[in-house]
1. Using the structure shown, decide if residue 242 is surrounded by 13 or more Cβ atoms within 10 Å (Cβ to Cβ) and touching a helix residue (DSSP H, G or I) at 6+ places or on another chain (Cβ under 8 Å).
2. Closer than 21 Å to residue 251 by Cβ and either touching a residue at least 60 places away in the same chain (Cβ under 8 Å) or surrounded by fewer than 21 Cβ atoms within 10 Å (Cβ to Cβ) (or both): is that true of residue 130 in this structure?
3. Please find, among 144, 128, 173, 124, the residue that is assigned to a helix (DSSP H, G or I), modelled with pLDDT of 95 or more, within 21 Å of the chain's Cα centre (by Cα) and under 26 Å from residue 8 (Cβ atoms).
4. Could you name every one of the helices (runs of 4 or more DSSP H) located completely within the range 1-98 that has at least 3 residues being at negative phi, out of contact with any helix residue (DSSP H, G or I) (no Cβ under 8 Å at 6 or more places or on another chain) and at pLDDT 95 or above?
5. Restricting to the range 199-228, and then to whatever is crowded, with 18+ Cβ neighbours inside 10 Å and not in a helix (DSSP H, G or I), can you tell me which residue is nearest to the chain's Cα centre (by Cα)?
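The values are calculated or read from the model by the stated rules, or taken from the named source; none is laboratory data. Because the structure is predicted, anything quoted here is derived from the model rather than measured. Here Cβ is always computed from backbone atoms with ideal geometry, including for glycine, and neighbour counts include all displayed protein chains.
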């Protein structure tokens, strides 16, 4: 007997999960969304720590892969605890395609989950900043945050959208694959490598960016001369790091790309294969 679900049964499990998500109580969705945003933010804390000193590594590609693997901790926690994550909740489009939920249910789930993820990520931002984590390694931890955030806000909207599509295609295929597992180990293995791929390749995840870029903005505004001197960065070099650039050049187009990559290119695509064409 197989210990995993078949692809057709995975599709049914994904649809059933989408119905449960979309029709759940908004307060429950919000509370689960707080944890989802927090777990992804903590995954990025792990990722950032792994990248301190990576610029001096003899094999920078390996350092990026390591960062992707450790970041996957965030999505593993989301999957195992049943947390609400906007990017994976784009899969609720499969339940809408089947007519099992309304557009109201879908949009309510997305809106509540998105806002809750932002609040959860902001909570971790505040704690990390207040805890002075960004001073670690003589400011190198904060330097990783700033350089990463600068790369993200310097994308054109088209680039950010495309990178958002690629990211959530991988996130949602990871979550979809996790439906095949019957043990904790199955689910951890299913999730880890697709997530490591998107992180190491520099694809864009809207909820992760709700942590990274606001933290970078706080570091930029609060850093003293000692930090700038230790890192070799300057405040002028970080001039592109602004709230308008975060919203217009990153968060909004990345969010749109995440919806297309996860909801359409994974959710509706597999729904078409196994629901419309499967009989």
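1. It is true that residue 242 is surrounded by 13 or more Cβ atoms within 10 Å (Cβ to Cβ) and touching a helix residue (DSSP H, G or I) at 6+ places or on another chain (Cβ under 8 Å).
2. Answer is no for this residue.
3. 173
4. Those helices (runs of 4 or more DSSP H) do not exist here; none qualify.
5. The extreme case among them is 205.
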